[in-house]
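Let me begin by presenting the structure, written as structure tokens, before commenting on it.
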Amino acid sequence: MTLDDLFDLIVPAEPALHPGGRLVAYTRSRMDPADDLYRCQIWLAGEGEVRRFTAGPGDSKPRWSPDGDRLAFLRERDGVKQLAVMPREGGEPEVITDFELGVEDLVWMPDGQRLLVVAVTWTEEWAALDPEERTRRPRRIRHFPYRFDNRGRLDDRRRHIWLVEPGADPRCLTPGDYDETAPAVAPDGNRFCFLSNRDPARGLVAGTQVWEQDIDGTEPRQVCPRGRWTLPSYRPDGVLHLVGNPQPTFPSIESLHRVEDDGTLTDLTGHLDRSVVTLAVPPTVCWDGDDAYVGLEDAGTFRVVKVGPDGLVDEIVTGRRVVTGFDVAAGVVAFTASEVTDPGTLHLFDGAEETILDRPNQLDLAEGEHFTVISDGWEIDAWVYLPPGTEPVPTLLNIHGGPASQYGFGFFDEFQVYVGAGFGVIACNPRGSAGKGMEFLTAVVGDGWGRVDLADVLAVVEAAVERFPRIDPERLGIMGGSYGGFLTAWVTAHDTRFRSAVVERALLSFPSFWGTSDIGPTFTPNYTEADYPDGWPVWFEHSPIAHAHRVRTPTLVLHSENDFRCPIEQAEQYFVALLRNGTPTEFLRFPEEGHEMSRSGKPRHRRERFEAIIDWHRRHLAADRDPAVG
């Protein structure tokens, strides 16, 4: 796949199944390099049709009304999203909110007339200021985090839940000095549930809280103790369920829990030792009677399973693929999924037969070969992608972020672009990755950090070189982003076989990450098992910056200037250390981008990033290059 192919991709997502169970509203998105933006429209598929439903250019989150007569969605204009509603028959949508900072989420009320939205508004201190004064004025920070990756500033705005009815002024149901997310409405329409971190030490302690409140505006009541909660949901009979873990720390397995009448929790899926959510897909629970439909992350796949009230689980959407979104109505499942050679397809499963409703891309892509490697007694999933031909090829070890995420049997543009540029690709899920259970997930905690994962990725490289004769062991590169950037920098400080490296948006210094990252105060002690104020020596020893003096591998350091997850000071420290070594290095900084730049940054920046990475590896992995030169 070339970069031009990448910009031609159409990605289906966010399926919303009509209550009748046969018609699907979903989004189709693609990059527009000419205007340097993303274009996203809502389409309809089913009942013998596949057609565009909205004009865009930025429409998302389609939600059918309970009677199926209207579709609500978010319409973006000039970077701000508002709630819009459109008849099923089509026509002009009615935009019914006008929040200056926009709307982020929506859910229909059971009466089909009103909706709850999560809207962003200025705090009182900042509301009356003009844009120039907001830019100029110094900021008095009182809480942490005060900024968050992919959201921007938090200290000057709040995310509250509002009740919206066409023709009436929106009413804020959750005023105050807190933020709320993930609203869910009870079937009787009299109460709703949401997530909100209201601990005085919020941001400094792990987890969040679940709250329930009457629609008439009474004070919210906490449902259960603080935990790692990601989504509340009501069964049709009004019984509340929660996705997450009662223990607030991470990494953890997130399960579906039922909230009992006495406030205790019944874990319905914990026996599976697999999470029902994944980092790549928003958490989802769909109901069909007493049965809940949830995702299941397992060994490189993300599937859909049905969970009964007794915890019995039936697999619904299976196979070597990654489900990217799903919805359920009338016993029918609509879902989007990607496979290694398919960027995304819309499917309908009626319980007996699976039908493809929309496959917008037809590309000739590299298949990739899956294999497993035993490392220290653990089975490690691995993949190798090779370009066409028979000659030896330079090959890149790609390391995923997280570390609690996974590579798998879905489409990944990175692998295909590098294969298209003539490189082989090695990918794997070392210990610390998701999809293999709690013991595997937590193997990198404490003393395992930088030790067991290092052993696993090197074992995979050695097995891949032996298994695939076309991999040239003298022309190996390594790269990764976020945690993958950490492990890239860590590997090159401990192993000399790689001739080229790209360290991207990386965690490189725990001592500064702890206080500058939006998740630093919780991520750092959870993974290192050391905390403030005594943890500094452990943090430093677990950081690539402590070992950077040993790096001789030519390294491109790549970072975004508005990255609040791994702030750019991480890269700045590492780059200077490499320069002091005399290590061949360059530092590429992307303005006005955050941690997600490689996945959702401006199209022009995404192209420039790919071009820089390919150029760096080509320079240092050329067949005629003397590795001693650097």
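Read the figures in this text as sums done on the coordinates, not as results from a lab. Note that the coordinates shown come from a computational prediction; the quantities given were computed from them, not determined experimentally. Note that we place each Cβ from the backbone using ideal geometry, even for glycine, and neighbour counts take in every protein chain shown.
Annotations
- Centroid-to-centroid separation of segment 377-448 and segment 457-526 [C-alpha atoms, Å]: 11 Å
- Rounded to 5, percent antiparallel among DSSP beta bridges of the chain: 80 percent
- Dipole orientation for the chain: of the candidates 508, 408, 161, 508 has the Cα lying most toward the positive pole (charges on Cβ; Lys, Arg +1; Asp, Glu -1).
- If R0 equals 22 Å, the separation of the Cβ atoms of residue 312 and residue 247 corresponds to a calculated FRET efficiency of about 0.35.
- Within the shell of other residues whose beta carbon sits under 10 angstrom from the beta carbon of residue 104, the net charge comes to +3, with Lys and Arg scored +1 and Asp and Glu -1.
- Charge tally in the Cβ shell below 14 Å around residue 594, where Lys, Arg are +1 and Asp, Glu are -1, residue 594 excluded: +2
- Scanning residues 5 or more positions from residue 38 or on other chains, those with amide H under 5 Å from its amide H are 32, with H placed 1.01 Å from N in the peptide plane.
- Additional length obtainable on full extension of the chain from residue 470 to residue 260, 0.36 nm per residue less Cα span: 69.8 nm
- Summarising the amide proton neighbourhood of residue 506: residues at separation of 5 or more, or on other chains, whose placed amide H is nearer than 5 Å comprise 482.
- Distant-in-sequence amide contacts of residue 198, defined by a placed amide H-H separation under 5 Å and a gap of 5 or more residues or a different chain, comprise 209.
- Take the Cα of residue 596, go 7 Å toward its beta carbon, and the backbone nitrogen atoms of segment 54-68 under 19 Å from that spot belong to 57-63.
- Straight-line cross-link reach from residue 61 at under 16 Å between alpha-carbon atoms covers these lysines, not counting any fewer than eight positions away in the same chain: 81.
- Relative to the current alpha-carbon distance between residue 124 and residue 140, full extension at 0.36 nm per residue lengthens the span by 4.4 nm.
- Long hydrophobic helices in the chain: the complete DSSP H runs spanning 20 Å or more by Cα along their own axis with mean Kyte-Doolittle hydropathy of at least -1.0 are 452-467.
- Cα-projected label distance for residue 494 with residue 341, points at 7 Å along beta-carbon direction, nm: 3.7 nm
- Of the GluC sites (Glu not before Pro) found in segment 345-376, those that fall in a DSSP loop while having at most 16 other beta-carbon atoms within 10 Å are 353, 367.
- Of the chymotrypsin sites (Phe, Trp or Tyr not before Pro) found in segment 169-270, no site is in coil according to DSSP while having at most 15 other Cβ atoms within 10 Å of its Cβ.
- FRET efficiency, 1/(1 + (r/R0)^6) with R0 41 Å, evaluated for residue 51 and residue 219 via beta carbons: 0.30
- Full-extension gain in nm, residue 580 to residue 379, via 0.36 nm per residue minus C-alpha separation: 68.4 nm
- For the chain, a crude dipole built from +1 on the beta carbon of Lys and Arg and -1 on the beta carbon of Asp and Glu, taken about the Cα centre, is about 1500 debye to the nearest 20.
- Compactness of segment 399-553, taken as the C-alpha radius of gyration over 2.2 N^0.38 Å, stands at 1.05.
- Packing, taken as the mean count of other beta carbons within 10 Å per residue, orders the peptides 425-438, 606-619, 556-569, 271-284 from highest to lowest as 425-438, 556-569, 271-284, 606-619.
- Summing charges over all other residues whose Cβ lies under 14 Å from the Cβ of residue 307, with Lys and Arg as +1 and Asp and Glu as -1, gives -3.
- For a paramagnetic label modelled on residue 288 (point 7 Å from Cα along Cα→Cβ), amide N atoms under 11 Å away belong, within segment 20-47, to 21.
- FRET efficiency, 1/(1 + (r/R0)^6) with R0 30 Å, evaluated for residue 267 and residue 353 via beta carbons: 0.35
- Cα centroids of segment 39-74 and segment 571-630: 40 Å apart.
- Fewest-first ranking of 29, 500, 255, using other Cβ atoms within 10 Å as the exposure measure: 29, 255, 500
- Highest mean packing comes first when the peptides 487-495, 583-591 are listed by Cβ atoms within 10 Å, giving 487-495, 583-591.
- Listed by chain and number, the lysines whose C-alpha is less than 24 Å from the C-alpha of residue 436, apart from same-chain residues fewer than 8 away, are 306.
- Reduced Cα scattering model of the chain, Debye log10 I(q)/I(0), q = 0.07, 0.08, 0.09, 0.11 Å⁻¹: -0.44, -0.59, -0.75, -1.17
- Counting every other Cβ atom within 10 Å of each residue's Cβ, 177, 214, 5 order from fewest to most as 177, 214, 5.
- Put simply, the Cα atoms of segment 328-468 extend 49, 41, 22 Å along their principal axes, the longest span coming first.
- Largest-first principal axis extents, alpha carbons of segment 487-601, Å: 37, 32, 21
- When both bridge partners sit in segment 369-621, DSSP labels roughly 30% of those beta bridges antiparallel.
- Sparse-neighbourhood loop sites, chymotrypsin sites (Phe, Trp or Tyr not before Pro) in segment 282-328 - DSSP loop, at most 14 other Cβ within 10 angstrom: none
- Counting every other Cβ atom within 10 Å of each residue's Cβ, 457, 384 order from fewest to most as 384, 457.
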